[in-house]
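Structure, as structure tokens:
Nothing in this text is a laboratory measurement; each read-out follows from the coordinates by a stated rule. Since the structure is predicted, the reported quantities are computational estimates derived from the model, not experimental observations. Note: ideal-geometry Cβ built from the backbone for every residue, glycine included; neighbour counts use all protein chains shown.
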Amino acid sequence: HPALFNLLLKRGSTLLIGLLFWGSMQGQVSSAYSFLVAGHAYGAHAGTNIGLHPPFLNQLHQRSNADVAALILTGDIVNLSTTASWAQVDKELSDLHLTSYYVMGNHDNNSIGINVFNKKHGGLYYSFTLQNDLYIVLNSTESDRSISPVQLQFLSNLLQNSASANKRVFIFFHEVIWNSHIKYKMVRSNSRSRYDEIVSVSNFWQKVYPVLTAYPAKNFYLFTGDVGGNPDAIAAFYDRWANVTLLSSGMGEVADENYMEVNVQPDTVLFKLIALNDSVKMKPINWYNVPEKPLWIKGALKVNSPQSAVSYKVSPVFNATSYRWTLGTGISGRSDSSSIDIDFDNNFQSGQITARAINFGFGESEPVTLYVQSSNYNAVNETEMNNGLIVQQNQQTIQLVYRSEKRSIAQFRIYNLSGKLLYKDESIQNEGLNTKVVDKRLLGKGLVLIELSFENRRLDRKVMLY
């Protein structure tokens, strides 16, 4: 307005520049929006549909899609890649009035599918933006269940040239190529994406992940769709590594088949799984993961031998469907819950009680271990415990046993003969008998120096590891 402009000139240029800058910044602020992600969208292998999975299509027709910015189909869009199948999918999506993006899956990958992708997106991998967010679609079938060198360069170039305003990057490919990590050895994705099938071909952790973590100021959200398509498969997945979030959603042959709604807010991203079966209620997205290690096992550290029905309990893990207890020599009991009653036989002297959390279909946690002794065990008597550090070992672990006068912080250090630090940890110790269990795989074999510092005391022992 001319009058306002003249007023601003009279008040000074600083105010004018400030208001113009404020207006410019207002134009850059992203507003909230949502998009949908669906994997294995043709559904069941034995399905008679030639287009999209009918329960999924019905869901899309029943919901309001007015605020949905895009539908992204993360591979295996059609069962048989024929001209008729792709025409049917195109018609179904047109009837929904949704902007759609295709990700290449192994079922889609033939000359007909390639032509469809080229016509729709100009290639088999591509990028686009929604507001200030960068979207990248990759093709994990070009180089079998990995990302090809040319696509790695494409990804690197995109990130190098992306605007600083692109703080969020959404990346899509079909196969769950991060399952090559040993952590995911027991994750039941669709058969082609399981650890044993993918560990020798995937380059995710060697090539893809380092490209992403080189941009710590950006948050990356990776989506795959090769789940839900086998009767024993999981239907969703979630994990987070540094600034990289890993997600999967799929449908076809499991009761909890689903698709995902992603709500992008100015300051966060929210994920919601939507079941295709009315009788199924999906859990929060972070439930669909390998369980975290339990924090503790509670129970007696000293027992009489023999002694029966001694109760122990492991700390609960929110997504555990059961627990696995492992008991040392002279210890017996059975349970798949978070508590167990244990019997110690006549010959019991000392041993470990170990528990792992299990999430069926995803795997089991790292173990938490408690070291227990018989009150009749002479190898660690009160005099020894008051004066020093007791070190015991088996094939897998070493156990550091010591006594503390009060609750405090204990620091552990283990060095090799060259003075190289092999292991360090800091943890809270309780009054009385304490144990620390260390995995020997972290240490190797040979002579090591173990140092324990607590309560202004320092204890050390040289130990030959076998």
So how far, in whole Å, is the C-alpha centre of the range 148-196 from the one of the range 226-256? 14
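Grab the Cα-Cα distance for Ser427 and Ile409, subtract it from 0.36 nm times how many residues apart they are, and report the gain in nm with one decimal. Intermediate results must be reported in sequence, preceding the final value.
Values: separation 18, 0.36 × 18 = 6.48 nm, distance 0.57 nm.
Net length gain for the segment: 5.9 nm.
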For the range 291-376, compute Rh as the Kirkwood radius over C-alpha pairs and then the Stokes-Einstein diffusion coefficient at 20 °C and 1.002 mPa s; write the answer in µm²/s, rounded to an integer. 166
Magnitude of the Cβ-charge dipole (Lys and Arg +1, Asp and Glu -1) of the chain about the Cα centre, nearest 20 debye, reported as 1480
Count neighbours as other Cβ atoms within 10 Å of each site's Cβ, and list the trypsin sites (Lys or Arg not before Pro) in the range 299-334 that are DSSP loop with at most 13 such neighbours. Arg334
Using 20 Å as the Cα-Cα cut-off, could you pick out the over-long pairs in Lys207/Lys293; Lys183/Lys293; Lys185/Lys283; Lys120/Lys218; Lys293/Lys440? Lys207/Lys293; Lys185/Lys283; Lys120/Lys218
Which links in Lys298/Lys445; Lys424/Lys445; Lys420/Lys462; Lys420/Lys445; Lys298/Lys436 stretch past 20 Å when you go from one Cα to the other? Lys298/Lys445
Calculate the FRET efficiency for His97 and Ser337 from the Cβ-Cβ distance with a Förster distance of 35 Å, rounded to the nearest 0.05. 0.10
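Given 0.36 nm per residue, what is the gain on full extension from Ala217 to Thr83 after removing their alpha carbon distance, in nm? Walk me through the numbers on the way to the answer.
Values: separation 134, 0.36 × 134 = 48.24 nm, distance 4.34 nm.
Taking 0.36 nm per residue and subtracting the Cα distance, the gain is 43.9 nm.
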Cross-link partners of Lys281 among lysines (Cα-Cα below 16 Å; sequence separation of 8 or more within a chain): Lys272
Each residue of the range 395-405 in order: what ³J(HN,Hα) in whole Hz does its phi give by Karplus 6.51 cos²θ - 1.76 cosθ + 1.60, θ = phi - 60°, with x for Gly and Pro? 5, 9, 9, 10, 10, 9, 10, 7, 10, 10, 7
If I model a spin label at Lys302 and Asn110 as a point 7 Å from the Cα along the Cα→Cβ vector, what separation in nanometres do I get? 7.4
Quick check on the chain: what does the Kirkwood estimate of hydrodynamic radius come out to from the alpha carbon pairs, in Å? 26.1
Order these peptides, 164-171, 72-79, by their mean beta-carbon neighbour count within 10 angstrom, highest first. 72-79, 164-171
The range 323-376: chymotrypsin sites (Phe, Trp or Tyr not before Pro) in DSSP coil with no more than 13 other Cβ atoms inside 10 Å: Phe360
When Val280, Val150, Val262 are arranged by how many other beta-carbons sit within 10 Å of their Cβ, fewest first, they go Val150, Val280, Val262
FRET efficiency for Gln153 and Ser31, Cβ-Cβ distance as r, R0 = 35 Å, nearest 0.05? 0.55
proj_area_mean for the range 339-466 (convex hull on C-alpha atoms), units nm², value 9.7
At 0.36 nm per residue, minus the direct Cα-Cα distance, what do Arg441 and Glu292 gain on full extension? Give it in nm, one decimal, please. 51.6 nm
